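The values are calculated or read from the model by the stated rules, or taken from the named source; none is laboratory data. Remember, predicted model here, so these are calculated numbers, not experimental data. Cβ placement follows ideal geometry from the backbone for every residue including glycine, while neighbour counts extend to all protein chains displayed. Just the protein is used for accessible areas: all its heavy atoms, side chains included, with ligands, DNA and RNA removed. Shrake-Rupley method; radii C 1.70, N 1.55, O 1.52, S 1.80 Å.
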Amino acid sequence: MSTTRHFRVWRGDDEGGQLTDYDVEVNEGEVVLDIIHRLQATQAPELAVRWNCKAGKCGSCSAEINGKPGLLCMTRMNTFGEDQTVTVTPVRTFPVIKDLVTDVSFNYEKAREIPAFTPPADLKPGEYRMQQVDVERSQEFRKCIECFMCQNVCHVIRDHEENKEAFAGPRLFIRAAELDMHPLDARDDRKEFAKEEQGLGFCNITKCCTEVCPEHIKITDNAIIPMKERVVDRKYDPLTWLGRKIFRR
Ligand code: SF4
Ligand code: F3S
Ligand code: FES
């Protein structure tokens, strides 16, 4: 059964824009991305939207739907009331390129700053067998689809452009934790790097990042809090401090 529903979609570019009203056909079983595609096909051929898989796995179609971050391809139309206007806007934390498409290069720049995985120089192929427990520990973080919704909702940068230089954000904290937990990563400064260079200290554990993650990664409990605890351990534990002093001599 098809009905006509009211939509408001943000149209504009880096110089500004506004919400534009549309009445669109909606069919049973459709998701918001279907409606955006119908708009492109029937009323707004120049409407820009980024998408790829339409299966919640490429992370491209992040937007804000009635003010809440969500994947356009995974937000079903039957989650809204029949008479409810559906408002679609671009994610707010990143600069708009056009309509629903934002420039998320901030995230890739922050990713490039993280020192790469560093196995011991003398380790030869086949010399080490990873334990299942170590595989499982970091497997959760590897589910990330880079939708950047966690970055979008984090208050540290959502309304504070000036914090972006010093704060990498939750997506990059899970990358740091993944490397830190890897038994073959020879760097022992991952926690210090997270604190000193990625701005881990700005995070005050609001957990908004965890709440929006479509992969249900426990960003705060399993990555951020353990990284924070270990930073504190290393910096203030007198035995760790003494050990580092002695072995550095
Ligand atoms: Fe998206 Fe979750 Fe990855 Fe953040 S951690 S980018 S919310 S999948
Ligand atoms: Fe931001 Fe997540 Fe911390 S939303 S403040 S990184 S718990
Ligand atoms: Fe790939 Fe939505 S189109 S996650």
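When the range 1-49 is examined, which residues are found to be farther than 20 Å from Arg76 by Cβ and either of a type in the set (Ser, Thr, Tyr) or assigned to a loop (DSSP other than H, G, I, E, B) (or both)?
Asp14, Glu15, Thr20, Thr42, Gln43, Ala44, Pro45, Glu46, Leu47, Ala48
I'm trying to understand the selection: among the residues of the range 67-91, which are buried (at least 16 other Cβ atoms within 10 Å of the Cβ), part of a loop (DSSP other than H, G, I, E, B) and more than 16 Å from ligand 3 (Cβ to nearest atom)?
Phe80
Is there any pair with a first residue in the range 118-147 that is among the hydrophobic types (A, V, I, L, M, F, W, C) and outside any loop (DSSP other than H, G, I, E, B) and a second that is open to solvent by less than 100 Å² (accessible area, probe 1.4 Å) and within 16 Å of ligand 3 (Cβ to nearest atom) whose Cβ atoms are under 9 Å apart and which are 6 or more apart or on different chains, and what are they?
Listed pairs, sorted by first residue: Phe141/Ile217.
Give me the residue from the range 1-34 that is β-branched (Val, Ile, Thr) and open to solvent by less than 50 Å² (accessible area, probe 1.4 Å) and, out of that set, farthest from the chain's Cα centre (by Cα).
Going through the qualifying residues, I end up with Thr3.
Consider Ala121 against the criteria (1) closer than 14 Å to Arg50 by Cβ; (2) surrounded by fewer than 16 Cβ atoms within 10 Å (Cβ to Cβ): it satisfies all of them except one. Which criterion is unmet?
Among (1) closer than 14 Å to Arg50 by Cβ; (2) surrounded by fewer than 16 Cβ atoms within 10 Å (Cβ to Cβ), the lone unmet condition for Ala121 is (1).
Identify the single condition in (1) under 20 Å from Lys57 (Cβ atoms); (2) at pLDDT below 95 that Lys143 does not satisfy, given that it satisfies every other one.
The failed condition is (2).
In the range 35-59, what count of residues is obtained for those that are surrounded by 15 or more Cβ atoms within 10 Å (Cβ to Cβ) and within 23 Å of the chain's Cα centre (by Cα)?
Of the residues in that region, 10 qualify.
Based on what the data block shows, is Glu162 surrounded by fewer than 13 Cβ atoms within 10 Å (Cβ to Cβ), more than 16 Å from ligand 1 (Cβ to nearest atom), free of Cβ contacts under 8 Å to residues at least 60 places away in the same chain and assigned to a helix (DSSP H, G or I)?
yes
Please go through the range 212-228 and give me each residue that is more than 16 Å from ligand 3 (Cβ to nearest atom) and either assigned to a loop (DSSP other than H, G, I, E, B) or aromatic (Phe, Trp, Tyr) (or both), ordered by number.
Selection gives Lys218 alone.
Those residues that are more than 18 Å from Cys144 (Cα to Cα) and touching a strand residue (DSSP E or B) at 6+ places or on another chain (Cβ under 9 Å), I need them from the range 51-77; list them, please.
Glu64, Ile65, Asn66, Gly67, Thr75, Arg76, Met77
Across the range 92-114, what is the total count of residues that are open to solvent by less than 30 Å² (accessible area, probe 1.4 Å) and either basic (Lys, Arg) or over 19 Å from Leu39 (Cβ atoms) (or both)?
Of the residues in the range 92-114, 7 are open to solvent by less than 30 Å² (accessible area, probe 1.4 Å) and either basic (Lys, Arg) or over 19 Å from Leu39 (Cβ atoms) (or both).
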